[in-house]
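Participant: Here it is, the structure in full.
The values are calculated or read from the model by the stated rules, or taken from the named source; none is laboratory data. Bear in mind the structure is a predicted one, so any value in this text is a computation, not a measurement. For neighbour counting, all protein chains shown are included, and Cβ atoms are generated from backbone atoms with ideal geometry for every residue, glycine included.
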Amino acid sequence: MARVLVTGGCGFIGANFVLHLLRTRKDVEVVNLDKLTYAGNLGNLAEAEGHARYRFVRGDIADAGLVEGLLAEGVEAIVNFAAETHVDRSIQDATPFLQANVLGVHTLLRAALRRGGVRFVQVGTDEVYGTLGPSGRFTEESPLLPNNPYAATKAAADGLVRAFHRTHGLDAVITRCTNNYGPFQFPEKAIPLFIGNALEDRPIPVYGDGLHVRDWLYVEDHCRAIEAVWRGGRAGEVYNVGGGNELPNVELARLILRELGKPESLIQFVKDRPGHDRRYALDSARLRAELGWTPAVTLREGIPMTVRWYREHGDWLRQVRSGAYRDYYRQHYHERHGLKA
């Protein structure tokens, strides 16, 4: 039985990865370490509660003693999702991003090195590459040219992972992914924001001229890629994870509105944000060739699936948008274990 430490497992992609492992791999035990910041929601993992191969630990990845204690239980891999990820928040104040995305990653790397025999998987982002023109794609050899504080901290984290591999021989791999979408995504991000606002007939804010292009990947496809890299990726290597679903933001908004039967008049163009990258696109040839991964869900298939999920989980969306989801930890975890909130 393989035991994996998933950090940030109560967030969007982390929660989907935990559920993916529990649903598809009977030979894997999951320990989920999450600080439960604003984007961490235990409700995302209600399905996992009480599962024999799952355990939740509330804590900070920067807590060296806690991390080392968990690794001592026989963890053979760390898959690190724990990060501050929202660009707008990083523009307002980059301090939490430095603490989680740089210092937290450093703590995990040191703990893995001390323990020995632990594979480290850093879940990264295409934003570290900066922006593209109208053609071409980033490869793993493209220079890192981050244009916002969030991306800069993720680039720093990737640099640390590379350095620990090259300097200390740590068994580490890095993934860099395009924009994800799907169940449990925090509604400050574009697709759940657009869906939530449209369901309430509220304006859909689109930055600038709406022609910023993103390559979209359904979250389950991303989870399969991460598992493939964990199990078979070459130590010290970077693997791009692209969806092949490029679309300007305004066209994405229109696609969602058509799916919901809502008018395009809900689109509201707003002032562009500073340092807004024009286009992202990744070349995933290495991942496809070495590990046999291909995305299974196109954007035209995934958007209806995602819209349906948010419609069917209206209570989840309302609780997150109102902030009521934060009570879940006290009500459904502390009370169960007789602990104080």
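Participant: Looking at the range 48-66, which of its residues are assigned to a strand (DSSP E or B) and touching a Phe, Trp or Tyr at 6+ places or on another chain (Cβ under 6 Å)?
Facilitator: Initially, the range 48-66 is screened for residues assigned to a strand (DSSP E or B), giving 54-58.
The answer is none; no residue qualifies.
Participant: Within the range 216-246, can you find the residues that are surrounded by fewer than 19 Cβ atoms within 10 Å (Cβ to Cβ) and of a type in the set (A, V, I, L, M)?
Facilitator: The answer is Ala228, Ala235.
Participant: At pLDDT 95 or above, of a type in the set (Lys, Arg) and not in a loop (DSSP other than H, G, I, E, B): is that true of Arg202 in this structure? Give the derivation first.
Facilitator: Working: at pLDDT 95 or above: yes; of a type in the set (Lys, Arg): yes; not in a loop (DSSP other than H, G, I, E, B): no.
Answer is no for this residue.
Participant: Given the conditions (1) without any contact (Cβ under 8 Å) to a residue 12 or more places away in the chain; (2) of a type in the set (Lys, Arg); (3) within 28 Å of Leu132 (Cβ to Cβ), report the number of the one that Arg279 does not fulfil.
Facilitator: The single condition Arg279 does not satisfy is (1).
Participant: Run down Glu141, Glu76 and say which single residue is of a type in the set (Asp, Glu) and either crowded, with 23+ Cβ neighbours inside 10 Å or farther than 25 Å from Leu21 by Cα (or both). First the steps, then the outcome.
Facilitator: On the way: Glu76 fails: either crowded, with 23+ Cβ neighbours inside 10 Å or farther than 25 Å from Leu21 by Cα (or both).
None of the other options fit; the residue is Glu141.
Participant: Across the range 120-133, what is the total count of residues that are within 25 Å of Ile13 (Cα to Cα) and either more than 19 Å from the chain's Cα centre (by Cα) or surrounded by fewer than 17 Cβ atoms within 10 Å (Cβ to Cβ) (or both)?
Facilitator: As a first pass, look at the range 120-133 and keep what is within 25 Å of Ile13 (Cα to Cα): 120-132.
So of that shortlist, the ones also either more than 19 Å from the chain's Cα centre (by Cα) or surrounded by fewer than 17 Cβ atoms within 10 Å (Cβ to Cβ) (or both) come out as 131-132.
Total satisfying the criteria: 2.
Participant: For residues in the range 37-47 being touching a helix residue (DSSP H, G or I) at 6+ places or on another chain (Cβ under 7 Å), in contact (Cβ under 8 Å) with a residue 40 or more places away in the chain and assigned to a helix (DSSP H, G or I), which is surrounded by the fewest Cβ atoms within 10 Å (Cβ to Cβ)?
Facilitator: Of the range 37-47, the ones touching a helix residue (DSSP H, G or I) at 6+ places or on another chain (Cβ under 7 Å) are 41-45, 47.
Then drop every residue that is not in contact (Cβ under 8 Å) with a residue 40 or more places away in the chain, which leaves 41-44.
After this cut, where a residue has to be assigned to a helix (DSSP H, G or I) as well, the list is 42-44.
On the way: Leu42: 24, Gly43: 21, Asn44: 27.
In this case the residue turns out to be Gly43.
Participant: What tally of residues in the range 3-36 results from selecting those that are within 14 Å of the chain's Cα centre (by Cα) and not in a helix (DSSP H, G or I)?
Facilitator: 7
Participant: Within the range 298-320, can you find the residues that are buried (at least 17 other Cβ atoms within 10 Å of the Cβ), touching a helix residue (DSSP H, G or I) at 6+ places or on another chain (Cβ under 6 Å) and at pLDDT 95 or above? Walk me through how you get there before you give the answer.
Facilitator: Keep residues of the range 298-320 that are buried (at least 17 other Cβ atoms within 10 Å of the Cβ), which gives 299, 302-303, 306-307, 309-310, 316-317, 319-320.
In the following step, the residues that additionally are touching a helix residue (DSSP H, G or I) at 6+ places or on another chain (Cβ under 6 Å) were identified as 303, 307, 310, 317, 319.
The answer is Ile303, Val307, Tyr310.
Participant: Sticking with this structure for a sec: Please determine, by comparing only the residues of the range 144-182 that are assigned to a loop (DSSP other than H, G, I, E, B) and over 12 Å from the mean Cα position of the chain (by Cα), which one is surrounded by the fewest Cβ atoms within 10 Å (Cβ to Cβ). Explain how you work it out, then say what you get.
Facilitator: Residues of the range 144-182 that are assigned to a loop (DSSP other than H, G, I, E, B), as a first pass: 144-148, 169-171, 178, 182.
Filter again for over 12 Å from the mean Cα position of the chain (by Cα), leaving 144-148, 169-171.
Details: Leu144: 17, Leu145: 13, Pro146: 20, Asn147: 18, Asn148: 21, Gly169: 11, Leu170: 21, Asp171: 18.
Per the stated criteria, the residue is Gly169.
Participant: Still on this structure, please answer the following. On the given criteria, is Gly136 farther than 29 Å from Gly69 by Cα, more than 17 Å from the chain's Cα centre (by Cα) and either surrounded by fewer than 18 Cβ atoms within 10 Å (Cβ to Cβ) or not acidic (Asp, Glu) (or both)?
Facilitator: Working: farther than 29 Å from Gly69 by Cα: yes; more than 17 Å from the chain's Cα centre (by Cα): yes; either surrounded by fewer than 18 Cβ atoms within 10 Å (Cβ to Cβ) or not acidic (Asp, Glu) (or both): yes.
Against the criterion (farther than 29 Å from Gly69 by Cα, more than 17 Å from the chain's Cα centre (by Cα) and either surrounded by fewer than 18 Cβ atoms within 10 Å (Cβ to Cβ) or not acidic (Asp, Glu) (or both)), Gly136 qualifies.
Participant: Pairs needed: first member in the range 205-222, in a strand (DSSP E or B); second member anywhere, of a type in the set (Ser, Thr, Tyr) and at pLDDT below 95; C-beta distance under 6 Å; at least 6 residues apart or different chains.
Facilitator: Between residues of the range 205-222 that are in a strand (DSSP E or B) and residues that are of a type in the set (Ser, Thr, Tyr) and at pLDDT below 95, the close pairs are Arg214/Tyr280; Asp215/Tyr280.
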